[in-house]
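Taking it in order: structure first as structure tokens, then the write-up.
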Amino acid sequence: MEIDRLKEIEITDEDIQWVEETLGHEVHFDSTRVNIIKNMYSVDIQAFPGSGKTTILVAKLAILAKKWPYDNLGICVLSHTNVAREEIEERLGNNEIGRKLLSYPHFIGTLHSFFDTYVALPWIRSKGLNIDLINTEYVNFLRWMRLSYETRYYLKRQRKNESICSYKGCIGEIDLDKGGETKAKILDVIEKTQKEGYFTFDEMLLYAKQALEELDGISSSIQQRFPILFIDEAQDTDSFQWDLLEKAFNKDGICSIRQGYGDSNQAIYNNLYVDDESSHFPREGALVLNESMRFDSRIAKLANTVALSKERMDGTENVFSEGKIAHTIFLFQKDKAPQVIDEFGQLILNTFSDKEISEYQKEGCHVVGMVHCKKEDTPEKQFPKGIYDYWELYEPEKASKSMVHKFLIQYFRYGIIEFQRSGERSLQVEWISKGLRRLINKAKKCNYVPVSGNIFASLLKVLPDDCQTDFRKMVYELSGTSDAISKSKWNSMLGVMKQMLKLFDITISQDIEEFIKWIDEENNEVQDGGKIGKVLPNHYIYTDKETQRIVDIEFGSIHSVKGRTHLATLVLETFLKTHNMKAILKFLCATPPKSVGKNQKRLRCQYVAMTRARALLCLAIPIDFVDDKTQKKLQGIGWNIKIIN
């Protein structure tokens, strides 16, 4: 035990037995996992895919919450998503321990929300400023539009856009080396909007950094308040964020215990175009969870070829191990790219029974690629550039993560739920934008607002420049509701939307009256694609023409499936500066070059993609990239080769 005030907390074998029972007898922790749960020192946990990392963390939190002796000191759990919080809600939300963890004095949330709450917001208010809105996209646009037309024209010629209108690196600095007068104008706009209460997400972290540097007492207070810090998905924390954490929590573990949980091979959330390699995780002496309980040793062997860590992953034999499943690389002529999907579908049907496909329906069969948003037609040399070059009906919006709602108010209610759960207003705006897109497209009777990864941005793009500010203000007003929507409140919100629709030259008609009507909360019917018998976007239904057996195949980006488990996965070749798998082909052949070079992010994306499948793993690569010698190497490490010509 490193912290004297926590010396009374000791995790015992009885605690392990209790937490296994509390988790519903669904898990049994072996000696390696028990040692991690019992460990109360500042140490990192390098956990390979499918090793049960989050379950271990939740079990440890449950035991600590049960034994926690303080009313005013808490456990702090930080991540970039709310996966840990959601698992606590799912597994422990209905009992006293879960309620303890999710309330004062503990904090479980995102890194941004922590530094906003405990550092940046108090610091900014101490300067006499109020905070009205924290939103990067809206605030940057507001500042951009306050610049003169001449200034914006000059900046566009310098290949600058709205993102120039926020502090970068430190307070008072922007990403503009030259243009003294122009720089002064931008800084003036930023200062004025901040006085009005408008800040970007990154600016909040910059103010947190400023506060921690100028007042040593803040760090001492945080460490006193939170003697234990857990960082989930620690590999996705960039260098700037690590610097903040080490300023807030003593990095030597003298005043607080710090444990990071993650997999250094899966650090894919930083900019794909920039290598921001952090050496903060894992620290020396990390505990390692080598064994994946997701897949067997054959898939582990294939995935290890693209792992950057020195440690190697082990698989666990499962119900599919004895079936001699053919993990396949489809080599295709470029004009046969669409046929790859049917070949994958047929392989799934040949490999699994209908009963197995049904049993693992929740996990599903997936097709993923690193590039999935289409910005222009694909040049011949770059083909295949994205997922859309294999299936022209692919839409980059992950429709499977949303639901198809019968009424507009349901989108607003789900937005409120997301905000209440995460504290992130942007998630509420996302749900509102989805509902508004459906409303506008219903009224226009066409796909007037196309699907994209950012629905709010798609709505803006179809509006003239002089209407966009009014639209943003209206969305901001609609997203200000954080409680249950009454009938009178809904009618008031409809008044705002009627004014908004005028921006799109739309008036309320009988065609959309049913969609916008108010309904009781208990009648808030949710209909997903499967239940109403429709095929969701990004789902491809393959049918065996002879047997009429079918399989539903879901498409998406590699980023969208991080953390998920699939029955079967197909990874597609895509293009980002160069073709992905072509660039790392030597790694895939288990004959890596001496230097990784610029392929670190590429390898990590490939690793994430190749560690999703429980049973069947496939790749699709143009045959021009793989000569006969390379094919033999791939076969030698366990790949089956299927040529499509």
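The values are calculated or read from the model by the stated rules, or taken from the named source; none is laboratory data. In this text, all values refer to a predicted model and were calculated from it rather than measured experimentally. Cβ placement follows ideal geometry from the backbone for every residue including glycine, while neighbour counts extend to all protein chains displayed. Accessible surface is based on the protein model in full, side chains and every heavy atom, while ligands, DNA and RNA are left aside. Shrake-Rupley method; radii C 1.70, N 1.55, O 1.52, S 1.80 Å.
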Spin-label pair E26/K489, simplified geometry with 7 Å Cα→Cβ offset, distance in nm
3.2
Would you mind calculating the relative contact order of the chain from Cα pairs under 8 angstrom and at least 6 residues apart, reporting the percent as a whole number?
17
Can you give the calculated 222 nm mean residue ellipticity of the chain, where each DSSP H run of n ≥ 4 adds -39,500 (n - 2.57) and the sum is split over every residue, rounded to the nearest 500 deg cm²/dmol?
-12000 deg cm²/dmol
If the cut-off is 23 Å between C-alpha atoms, which lysines fall inside it for K632, apart from same-chain ones fewer than 8 positions away?
K301, K324, K334, K336, K582, K586, K594, K642
For region 1-151, compute the orientation-averaged projected area of the C-alpha convex hull (one quarter of its surface), in nm².
13.4
For the pair R159 and D624, how long in nm is the line joining their label points, each one 7 Å along Cα→Cβ?
2.7
Could you tell me the calculated FRET efficiency between K381 and E514, based on Cβ-Cβ distance and R0 = 51 angstrom, to the nearest 0.05?
0.55
Around L176: net Lys/Arg minus Asp/Glu count, Cβ-Cβ under 12 Å
+2
Under 5 Å from the placed amide H of V77, counting only residues 5+ away or on other chains, we find F107, I108, G109, F230
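Count charges around L57 for me, please; just the other residues with Cβ under 12 Å from its Cβ, Lys/Arg as +1, Asp/Glu as -1.
Taking every other residue near L57 into account, the sum is +2.
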Along principal axes, largest first, the alpha-carbon spread of the chain in whole Å comes out as 67, 67, 58
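What is the calculated FRET efficiency for S103 to D177, with r their C-beta to C-beta distance and R₀ = 56 Å, to the nearest 0.05?
Working: r = 48 Å, r/R0 = 0.85.
It comes to 0.70.
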Residue-normalised accessible area of the chain, given per residue in Å² at a 1.4 Å probe:
46
Region 162-262: which chymotrypsin sites (Phe, Trp or Tyr not before Pro) are DSSP loop and have at most 13 other beta-carbon atoms within 10 angstrom?
none
Taking 0.36 nm per residue of separation and subtracting the Cα-Cα distance, what length does fully extending E311 through C467 add?
50.6 nm
How far, in nm, would the chain grow between W18 and L187 when pulled straight, counting 0.36 nm per residue and subtracting the alpha carbon separation?
55.1 nm
Coordinate range along principal axes, alpha carbons of region 602-645, Å, largest first
28, 23, 21
7 Å from Cα along Cα→Cβ at both K168 and Y41: what's the point-to-point distance in nm?
4.3
Of the listed pairs K385/K598; K385/K633; K577/K601, which have alpha-carbon separations greater than 21 Å here?
K385/K633
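Which entries in the list K156/K444; K183/K209; K168/K192; K160/K461; K434/K517; K375/K442 go over 28 Å, if you measure between the two C-alpha atoms of each?
Checking Cα-Cα distances, K156/K444 exceed 28 Å.
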Could you look at the chain and say what percent of its accessible area is carbon and sulfur, using a 1.4 Å probe and all protein chains?
46
